[in-house]
Each structure stands twice: as structure tokens, then as C-alpha cells.
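The values are calculated or read from the model by the stated rules, or taken from the named source; none is laboratory data. Predicted model only: the values in this text are computed from it and were never measured. Glycine gets a Cβ as well: all are built from the backbone with ideal geometry, and neighbour counts include every protein chain shown.
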Amino acid sequence: MRDILAPESARWRRFTDVFAEVAELAGYGFVIPPMMEDLGVFTRLGEATEIVTKEMYDFVDKGDRHVALRPEQTAGVCRAYVEHRPITPWKTWYSGPNFRYEKPQRGRYRQFDQVGIEVLGSDDAHLDVEVIALGWEFYRRLGLQRVELLLNSLGEPGDRARYIDALRSHFESADLTAQSRATLAKNPLRVLDSKRSEDESAIEAAPTIDQYWSDAAAEHFATVRAGLEALAIPYTIDLKLVRGLDYYRRTTFEFAGLTLDSAQNALGGGGRYDGLVEALGGPPTPGIGFALGVDRTLIACDDEGVFGAPDTDVDVFVVDTVGGGEAVVLTHELRAAGISVDRSFDGRSMKAQMKGANRSGAAYAVIVGSDELAADEVAIRPLRSGGDQVSVARSELVPDLQSRLEEGNR
Ligand code: AMP
């Protein structure tokens, strides 16, 4: 687990702001599920899912409840739906940390943030298009270009079951690694996820899901594709895209970052899920959503040289050579007027304070010494651009700085 300090942390906040803008423009409401749930909420994600069986931070609390830190947020959102029964379609977005006991490496951490959306209560294929398009729009706003949308349909639950049977018999007679054999016993679909080169040829030769789609599933998928085409969102069909969690059906998708290593290039993904709300005690309710990893998306931004850390420099630095008390009042006044200001403490010399002013990145130093104090004035010294120091009446300071800063922004 890591600390994220400024200015990188400012970039994280901006990241969430951009996501919020995209989601809220489409009528999605912010949901804040708890960071910890009853263990059962997550085990319903599927016993064959590694994030549930191997990677969960679970423990017994002081009240003897078996709880877990959330490894993802879909389950919590579905649990919240069951508890509150909001009007459908319930369109939500979220952001925040998840916890998985994974082997930490670049782009993979034990505490990591995701932003995501979930919609509960509609089966409409046009909703799938909306959801995918929001992810796409988000990447566009970050400035990312080298993102590939991979698309698949896992069919209806019945199709999926027949496909799993076919996969099982295929893999049983194939040459697989011991790890994949173990996966096969639990969930044949997940064998397709293996990135081990020894499994490659068996996966290559495996049957594909499209041979098992029912008419309804094929039609749903055709509508999704037509919608994406109408929006000019490019996609690649990947019939072996199965995604991590067991409850997906019909549309599944992944956003791959083309600048990243292929084993680690999923920036995010999602799909339709079925049965999860029911498993949590609610009525049968269709759902669709996606989650995007903040870390990996920012790595992709670095690779493409877009969406850097925002400028967090202050506008003004107050230099007070008459004891520091004047700076107390000046900083307060300027901040109240919406101007960002910093100052020195500890009675530093004029020279040390000017050094601090330059380090702060401020556009102007506002200087108050004994002469200024006696004349009820302050001096304004431009720091970034050239230009002379001027004296202004104390009462003129705020409007004067405001017009200078406005000019500078123009
Ligand atoms: P998942 O919930 O496993 O489908 O993951 C969705 C996205 O979250 C991935 O594509 C990654 O970008 C991100 N992600 C998942 N696990 C981690 C992790 N341990 N550390 C950092 N990012 C992660």
C-alpha cells in the first residue's frame, strides 16, 4: 500500500472530477458504499473467483462478524440496491479504494482506486451502448488515444452453461499447465484468461462462445454493436474475453491500454451481470457496469504524455518583514476573495521569504515592510513575468491583484 502525495494526489482528484463530470452529464448519481461488508456479500461474486478465494482481506470483528474489505464495488452497490430498492433504472457512479492481497508490482497494488458505474434494472442493449460510450468518453477527456475496446458476449445463462460444458471437454483432453488444470476444475471459462505460454495452443484451439449464442443473445449483441458503430466508437471482437468475475453474461468488454505490457494492459472493464442482486436477496434484476483502475489509467496517461499533474501553485506569496502579523491579515483577506496565497512562518529574513515566494511558484509577491505599513500601502512584485514592483494602497490590493491575475489568465 502506498502514500500518494501532492502534486500526484492533485492529479488523482482531478481524475475523479473528470469522471464525475462524464457520469453526471448522463444522469448517474454518486454512490458511496462502505469499504467493508459482510463477507457473504463478496463470496456471492463466485467461489471460483480468485479475488474472493485468495485475495480478500477478511477478518472477524469484535462483534464476531466475519467481514471483508471490499475487493471491488459492484457487489456493495448491488447489496445497497437490495437494501434501499431505489427506482430503476438505478444509475450510479462511484470512486474509491479496493483491497486485494495480490503480489504488488507496477500497476498492481494491494490498495488501489477505481472509478466505475453500475446500472441496475434494465436489460436494454442501448444501455450497454450508453455505458460503454461513457467509458470511451472518459478516456477521450483524459486525452488518451491508444485505448482499444475489446468486446464479447457471454450469451444467456443457458448459452454460457453449454459453452462451459464444451470448454470443459475440450480442455480435459488438452495439454494444460497444472494451474490451469486447477482452474478448469472450478471454472473452465477462466482457463481462457491464462497468460501462461504453455496454455496458449490449447486456448487457441478452444471452441468460441459465438457458436453457443441463442438468438436473443445474438440479437442483443448485434444491437450493442450497431449502437457503437452509430457513435463511431471502434471496437474489436474478442470471443475469448471472459473477465474476472463469475456473474457476467451477455455483453462483456475491456479497455486495453496499447502502451502497456500485454499481461497488464487492462485499464478497466465490465459487462452485464445477472443473478447477483438475486443472490443477495433481491428480486431478479439485470445490471451492467464497469470499473476503471486509476493507477493503470494514469500509467497510460504518462505513456501518452497527457493528463499530467495539474498546476497547484499559489497565485500570491505574502512577504512580511514587520513580524508576521500583517501576513496573518493579508492572507486571510486574499483567500476570502478567492485568491490562493501562501506565506512564510518563523520570522524568516526578507531574503529567505523571497526564496520561499519563488519556490511557491506564485505569480506575485505582496510585500509589507515598515515603510509600507506607515503609508498604509503594500508592494506588489511580479515573480513569473518581468515588470517592476509597484506600491498600491492597502484598500486597493484585492481589486488590483484580481485584475492582474485575470489579465495573466487571458
Ligand atoms: P477488475 O475489477 O479486476 O475487473 O479490475 C478493473 C480494473 O481495475 C483493472 O483493469 C485495473 O486497471 C484495476 N485493478 C484491478 N486490480 C488492481 C490492483 N491490484 N492494482 C491496481 N489496479 C487494479
Every residue from segment 253-268 that is in contact (Cβ under 8 Å) with a residue 40 or more places away in the chain and either within 10 Å of the ligand (Cβ to nearest atom) or surrounded by 24 or more Cβ atoms within 10 Å (Cβ to Cβ) (or both): 253, 254, 255, 256, 257, 260, 264, 267, 268
Can you spot a residue in segment 148-171 that is at pLDDT 95 or above, β-branched (Val, Ile, Thr) and either within 15 Å of the ligand (Cβ to nearest atom) or on the phi < 0 side of the Ramachandran plot (or both)? no
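Condition check ((1) within 25 Å of residue 7 (Cβ to Cβ); (2) buried (at least 20 other Cβ atoms within 10 Å of the Cβ)) across all residues:
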{"site": "328", "(1), (2)": "no, no"}
{"site": "348", "(1), (2)": "yes, no"}
{"site": "351", "(1), (2)": "no, no"}
{"site": "361", "(1), (2)": "yes, no"}
{"site": "369", "(1), (2)": "no, no"}
{"site": "378", "(1), (2)": "no, yes"}
{"site": "387", "(1), (2)": "no, no"}
{"site": "407", "(1), (2)": "no, no"}
Would you be able to tell me the number of residues in segment 213-252 that are in a strand (DSSP E or B), more than 15 Å from the ligand (Cβ to nearest atom), at negative phi and surrounded by 19 or more Cβ atoms within 10 Å (Cβ to Cβ)? 1
Using the structure shown, decide if residue 3 is free of Cβ contacts under 8 Å to residues at least 60 places away in the same chain, not in a helix (DSSP H, G or I) and not assigned by TED's automatic domain parsing to the domain that holds residue 286. yes
Residues to consider are 290, 307; find the one that is part of a loop (DSSP other than H, G, I, E, B) and within 16 Å of the ligand (Cβ to nearest atom). 307
Suppose we filter 27, 96 for residues that are closer than 22 Å to residue 268 by Cα, in contact with an Asp or Glu (Cβ under 9 Å, 6 or more places away or on another chain), at pLDDT 95 or above and not in a helix (DSSP H, G or I); which single one remains? 96
Restrict the check to segment 186-207 and report whether at least one residue is outside any helix (DSSP H, G or I), at pLDDT below 95 and in contact with a strand residue (DSSP E or B) (Cβ under 6 Å, 6 or more places away or on another chain). no
Those residues of segment 193-227 which are touching a helix residue (DSSP H, G or I) at 6+ places or on another chain (Cβ under 6 Å) and under 26 Å from residue 146 (Cα atoms), in sequence order: 194, 195, 223, 224, 227
Inspect all residues belonging to segment 71-79 and state whether any of them is part of a strand (DSSP E or B), within 24 Å of the chain's Cα centre (by Cα) and in the same structural domain as residue 253 (by TED's automatic domain parsing). no
Count - residues of segment 1-48 that are of a type in the set (Lys, Arg) and under 29 Å from residue 84 (Cβ atoms): 2
Among the numbered criteria (1) away from the ligand (no atom under 16 Å from the Cβ); (2) assigned by TED's automatic domain parsing to the domain that holds residue 106; (3) in a loop (DSSP other than H, G, I, E, B), which single criterion is violated by residue 323? (2)
Of those in segment 293-304 that are within 12 Å of the ligand (Cβ to nearest atom) and surrounded by fewer than 21 Cβ atoms within 10 Å (Cβ to Cβ), the residue farthest from residue 117 (Cα to Cα) is 299
Take residue 119 and decide whether it is away from the ligand (no atom under 16 Å from the Cβ), part of a strand (DSSP E or B) and farther than 22 Å from residue 150 by Cα. no
Qualifying position, being more than 16 Å from the ligand (Cβ to nearest atom), out of contact with any strand residue (DSSP E or B) (no Cβ under 9 Å at 6 or more places or on another chain) and not in a loop (DSSP other than H, G, I, E, B), among 277, 329: 329
Pairs please, first residue from segment 72-86 and within 14 Å of the ligand (Cβ to nearest atom), second anywhere and among the aromatic types (Phe, Trp, Tyr) and part of a helix (DSSP H, G or I), Cβ atoms under 8 Å, 6+ apart in sequence or on different chains. 75/42
Selected residue (only one of 378, 366, 322, 318 is in contact with a Gly (Cβ under 7 Å, 6 or more places away or on another chain), farther than 30 Å from residue 104 by Cα and touching a residue at least 40 places away in the same chain (Cβ under 8 Å)): 322
Would you check if there is a residue in segment 161-182 being in contact (Cβ under 8 Å) with a residue 60 or more places away in the chain, outside any helix (DSSP H, G or I) and not charged (D, E, K, R)? no
Of the conditions (1) assigned by TED's automatic domain parsing to the domain that holds residue 152; (2) within 30 Å of residue 396 (Cα to Cα), the single one that residue 232 does not satisfy is (2)
Go through segment 94-116 and give me each residue that's within 10 Å of the ligand (Cβ to nearest atom), of a type outside the set (Phe, Trp, Tyr) and touching a helix residue (DSSP H, G or I) at 6+ places or on another chain (Cβ under 6 Å). 100, 107, 113, 115
